[in-house]
Structures are given as structure tokens and as C-alpha cells.
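Please read the structure below before turning to the comments.
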Amino acid sequence: MNATTREKILTIFRQQSGFATSRDITAVGLHHKYLKDLLEDGTIIKLKHGLYSLSENDQYNSLKEAQVSIPDGIICLGTALAYYDLTTWIASEIHIAIPRGRKIKLPEFPPIQLSSFSGVFYSLGIVSVEVEPGINIQIYDREKTICDIVRFRNRIGFDIMKEALQEYVYCKERNLNKLVSYGKDLRISSVLMKYLEILI
């Protein structure tokens, strides 16, 4: 592969926030075999069949990679806690919520842990945030994240839930009215209030 071809392919990736498909490459008249060269020299990584990412992508791109690979995926639980600086826990996988019943083929990278939510448990509190110029992710807001941590406290861990609640209560961006409203919608109002009363 000559330098001109390489730069043409890399330009496609850069124009798409660091992502490209085999189809993107063939659409401009190039053979997809050139992607193999970029894989071998470490310039790009394969997310799943036909989908690739620049290796230089940072932590926010990893979140974007996960969502590009998973239609309707929403950043949730531990990964959302970390984004909002509500935990010191560093999860080894990106936590993503999907609609219940959706069948997903996980990418080779990044590592992902799926949670299946239905109805209001999936749809409530979804926001789109621009984490860097041109990089947007779908994530649950603080209040939905806290409610989910309380809901899944046995799976996530009581200590993690306690730390998250403490950090939330003291953060400037908290919205307790919204949190209480979400608690009612998600049918965890009584247990949520029990823990909040200890902290407030």
C-alpha cells in the first residue's frame, strides 16, 4: 500500500470520529484488503466483522466504539458512575444497557458487559453528551444511574452503591427531586429513600 492510499483510508476514519467499515473503504474505490495491512501494523483494530477503529482512540472513543458496535446501547451502571465521577471503582468492562429481547453479537474490542432492560427501565433518563468535539455518547443521566445502582446493589456490591450515593448527595449537579421521581417510576422508592435518609 502506498502512502497516498494509506492517507486516503485514514482520512475516512478521521472524518467519522475514528471509525470506518469495509463498505466505507470500497465506496471510494479502494479494496478492503488494505484494511488488513493497517491491522497488521497496529494502526487500526477490528471491533467486529466489517467494523474498525483507529488504535489511537482514547477512553471516550472506547465508549463510542461500544455504542457503534451495539445498536440502541446505552452506557450504564459502573461505566456511567465513572463518567460522572461518582465512584472510585474501575470496571474491567464497559457496561451497556440494551432493550430486553435484543440479540447482540459482541465486538472483539472493547470488553463489554450487557444488561437487558425493558420498558421504562430502559427508556428513562437517556441523554446524549458530547464527551469530546465530534464524539457523542448515549448514557443514562446521574439520577437514572444512581437508581440502577440501587436496583442492582446485590450484583454491583453494597460498598459501591454506598460510595455512589455519598458522592451523588454531595455533588453540585444533583437533582434530588428528579431522583425521587425516578425512584417511583422504577419502583425502588422505598429502598432508595431508606438509603438517602441515612446520608442527608
Taking the stretch 1-16 and keeping only residues that are surrounded by fewer than 20 Cβ atoms within 10 Å (Cβ to Cβ) and under 24 Å from the mean Cα position of the chain (by Cα), one is left with Ile12, Arg14, Gln15, Gln16
Within the stretch 17-38, of all residues that are touching a Gly at 6+ places or on another chain (Cβ under 9 Å) and on the phi < 0 side of the Ramachandran plot, the one most open to solvent (accessible area, probe 1.4 Å) is Arg23
Here the residues within the stretch 176-200 that are in a loop (DSSP other than H, G, I, E, B) and either in contact (Cβ under 8 Å) with a residue 40 or more places away in the chain or open to solvent by less than 60 Å² (accessible area, probe 1.4 Å) (or both) are Leu186, Ile188
Those strands (runs of 3 or more DSSP E) completely within the stretch 39-152 that have 3 or more residues that are at pLDDT 80 or above and surrounded by fewer than 16 Cβ atoms within 10 Å (Cβ to Cβ) are 126-132
Ser92: passes all of (1) under 29 Å from Gly42 (Cα atoms); (2) within 12 Å of the chain's Cα centre (by Cα) but (2)
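The values are calculated or read from the model by the stated rules, or taken from the named source; none is laboratory data. These numbers were taken from a predicted model, which means no experiment stands behind them. With ideal geometry, Cβ positions are generated from the backbone for all residues, glycine too; neighbour counts draw on all protein chains shown. Only protein heavy atoms, including side chains, enter the accessible area calculation; ligands, DNA and RNA are left aside. Shrake-Rupley method; radii C 1.70, N 1.55, O 1.52, S 1.80 Å.
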